[in-house]
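K.L.:
Submitted below is the structure of interest, expressed as C-alpha cells.
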C-alpha cells in the first residue's frame, strides 16, 4: 500500500539578489531584484508501507525541501502530495500525530533541561497514554542504551547521545512515517553505527515507513534497499541500490599487478583509461562489455603480468561521481 | 490542559538552570525609578502642582507606573520568537500538533514567573522605603479591578511581543525595531510621566491607542484620579484592544508563514 504519494511536486523559492559593494547595498534598500530558485522540479514517487528509502543528492539538491514539504513546513509551488492519506501542508493534527521529522542539524529538545522533560512534554502534545508512553520509552531507551543519560541536561550530552535522545523524542508517539534528515551528521564512526543499527532494527520491528537522507554512503549501503537520487531538483534515479551500479557505472575496474621490471605508462594506456599507475600495479577502467576482452588481450600481450582482477566500481564512487559531475542523464 | 502546565513547569526549571536568568533584568530598574523620583523632586521644589499633580501624586504616579510595568513586562520575549524564526527552530513546532501562538504565550508566562516573584519582593521593599512620599489608596474593589487591568495588560504585552517577534519573518534583525517601539510605547503609555503633561491634541490622539490603557489608566485609577466606573470603561477598552491585537497577530502569523514557506529558512 502506498503510504507516500508525490505527483509533480515543485517548489520555487524567492530570494533577492545582493550585489557587491557599499553603493549597491544602499540601492538595495530601495529596489531589490527578485530572483527565483527552483529547488524541486516536478518530482514523482510513491513509497510503500515499511519501506526504508534513501534519499540522496548533493547539498542544495532539494532533499530537505522535499522532506519539509512532506512534513507540512513548506507549501509547494505546485503539485500534489499525500502522506497517510493527508495533504501534509494542511498541518492537520491528525496527520501530525502520525509522523515525525528528525533533523540532524536542528534539535527539538529543551537545551537546558534533561531530555526526559522534553519527552514528557511530547507525551502531552502528542496525547500519548501513560501506558503507551512507558512502553515506548522503555523500548527505545533499551534499544539505544541511554538509561543513564535521561536525567542529564541536554546541553551536557555529546552529539551522539543527543541524537539518540532526539530519536526518542521523535518516536515516542509511534509515528507511522519517519523523515530522517542527516541523522548521523557530525557523529563519529561508532556513534554513526549505533544510530544506523537502531534505525535498521526499529524499521524491521515496527514496519515504520522511513525516508532517510544522508551524506554518508555507509548509512545508505547499510540501510536502504531502494534509493532515490535527486539532483538539481529532479529525480535522477529511483530504484534498487544494486542496480544503480549497472546504470551509472558503465565500466568495470581491472586491477593488474606486474612482475620484474614492471611496465611503463604508455605500454598500458591503449588498453583502457588508466586510473592509477605505478610500474608494478595499475588500475584500468574499461567499458563493461569489453572487460573480458581487454583482460584477455593484456594476458596474451608480452607484458610481465603477475595477476589480474576484474571488479565492480565501488558504489560510493558511483554516487560520488554522480554528485560531483552532475552526470545524471534522463 | 496538562501540556501547558508542563511547558510552564519546564520554563521555570529552565530559569533555575540559569540561576537568576531574566530576573537579573529587574535590578537595573531600581536605578531608573530613583532617577525619576529625584528628578521630579527637584522640579517640584518651588512649584505646588503641575497639571493638577502635587509632588506626592507625581512621585506616587511614577513609582506605581514603574511597579505596574514590571509586573506586566515580558522581558524582551520578542527575541525568543525572532530566534525561532531566524534559526528555523520554528520548524520543530510546525510539525507538532500544537498551536505555536499558544505554545509561545505559555513559554512567555513560564519564563517570567520567577522574575515576577523577585520583582514583587524587590519593588514592595522600594515602595516601603519611599512610603512617606507615596499615596496609598486602595480598597478591595479597586484592587480587584487593578488586578484585572494588569492581567489584561500582561496578555496584551505577551501578544505584542509575539507580534514584534513575527517581524523577523520579513526582517532578520528585530532588535532595532524592538528598541524604538519600546521607547515609543513607554512614552505613549505614560510610563515616563502622566500623559496629561502633553499637549491636549496629543493626549486625545493617544486615547485612540491601546497603550494608555496598559499603564496610565490603571495608575489613575489607583490614585483616585478617575472613578471606578471610568476604570471599568478603561478595562473594557483594553479588552477590546486585546481582542483586536489577537486578530492582528493571527493575520500577521498567516502572512509571515507564507513568507517563511516561500523563503524556506
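K.L.:
Here are some conditions: (1) under 21 Å from the mean Cα position of the chain (by Cα); (2) within 14 Å of chain A (Cβ to nearest Cβ). Residue B:76 meets all but one. Which one does it not meet?
P.N.:
All conditions are met except number (2).
K.L.:
Something else about it: Against the definition (within 11 Å of chain B (Cβ to nearest Cβ), at pLDDT 95 or above and part of a helix (DSSP H, G or I)), how does residue A:133 come out, yes or no?
P.N.:
Spelling it out, it is not the case that residue A:133 is within 11 Å of chain B (Cβ to nearest Cβ), at pLDDT 95 or above and part of a helix (DSSP H, G or I).
K.L.:
Picking from A:256, A:228, A:282, which residue would you name as being modelled with pLDDT of 85 or more and in the same structural domain as residue A:61 (by TED's automatic domain parsing)?
P.N.:
Numbers: A:256 fails: in the same structural domain as residue A:61 (by TED's automatic domain parsing); A:282 fails: in the same structural domain as residue A:61 (by TED's automatic domain parsing).
Of the residues listed, the single one that is modelled with pLDDT of 85 or more and in the same structural domain as residue A:61 (by TED's automatic domain parsing) is A:228.
K.L.:
Could you please find all residues in the stretch B:88-129 being more than 14 Å from chain A (Cβ to nearest Cβ) and surrounded by 15 or more Cβ atoms within 10 Å (Cβ to Cβ)? Give the derivation first.
P.N.:
Filtering the stretch B:88-129 for residues more than 14 Å from chain A (Cβ to nearest Cβ) gives B:105, B:108-109, B:112-113, B:115-129.
If the condition is that a residue be more than 14 Å from chain A (Cβ to nearest Cβ) and surrounded by 15 or more Cβ atoms within 10 Å (Cβ to Cβ), then B:105, B:108, B:109, B:112, B:115, B:116, B:118, B:119, B:122, B:123, B:126, B:127 are the ones that fit.
K.L.:
When you scan the stretch B:181-263 for helices (runs of 4 or more DSSP H) that lie fully inside it, which ones turn up with 3 or more residues that are modelled with pLDDT under 95, in contact with a helix residue (DSSP H, G or I) (Cβ under 7 Å, 6 or more places away or on another chain) and farther than 18 Å from residue B:70 by Cα?
P.N.:
Qualifying helices (runs of 4 or more DSSP H): B:228-263.
K.L.:
Given the residues A:204, A:192, which is the only one that is in a helix (DSSP H, G or I), out of contact with any strand residue (DSSP E or B) (no Cβ under 7 Å at 6 or more places or on another chain) and closer than 20 Å to residue A:57 by Cβ? Give the derivation first.
P.N.:
Numbers: A:204 fails: closer than 20 Å to residue A:57 by Cβ.
Only one candidate qualifies: A:192.
K.L.:
Answer yes or no as to whether residue A:321 is part of a helix (DSSP H, G or I) and under 30 Å from residue A:53 (Cβ atoms). Step through it out loud before you land on a result.
P.N.:
Values: part of a helix (DSSP H, G or I): yes; under 30 Å from residue A:53 (Cβ atoms): yes.
Judged against the criteria, residue A:321 is a match.
K.L.:
Got a sec? Which strands (runs of 3 or more DSSP E) wholly within the stretch A:213-302 have at least 3 residues that are farther than 27 Å from residue A:196 by Cβ?
P.N.:
Strands (runs of 3 or more DSSP E) meeting the threshold: A:251-258, A:273-278, A:281-287.
K.L.:
In addition: Mind listing just one residue for me: the one in the stretch A:104-130 that is touching a residue at least 60 places away in the same chain (Cβ under 8 Å) and more than 7 Å from every other protein chain (Cβ to nearest Cβ) and, of those, surrounded by the fewest Cβ atoms within 10 Å (Cβ to Cβ)? Reasoning before the result, please.
P.N.:
So in the stretch A:104-130, the residues touching a residue at least 60 places away in the same chain (Cβ under 8 Å) come out as A:104-105, A:108-109.
Filter once more, keeping what is more than 7 Å from every other protein chain (Cβ to nearest Cβ): A:104-105, A:109.
Working: A:104: 20, A:105: 10, A:109: 24.
By that ranking, first place goes to A:105.
K.L.:
I'd like to know if the stretch B:56-69 contains one or more residues that are surrounded by fewer than 21 Cβ atoms within 10 Å (Cβ to Cβ), on the phi > 0 side of the Ramachandran plot and touching a strand residue (DSSP E or B) at 6+ places or on another chain (Cβ under 9 Å).
P.N.:
no
The values are calculated or read from the model by the stated rules, or taken from the named source; none is laboratory data. All values derive from a computational prediction rather than experimental measurement. Cβ atoms come from the backbone with ideal geometry, glycine included; neighbour counts cover every protein chain shown.
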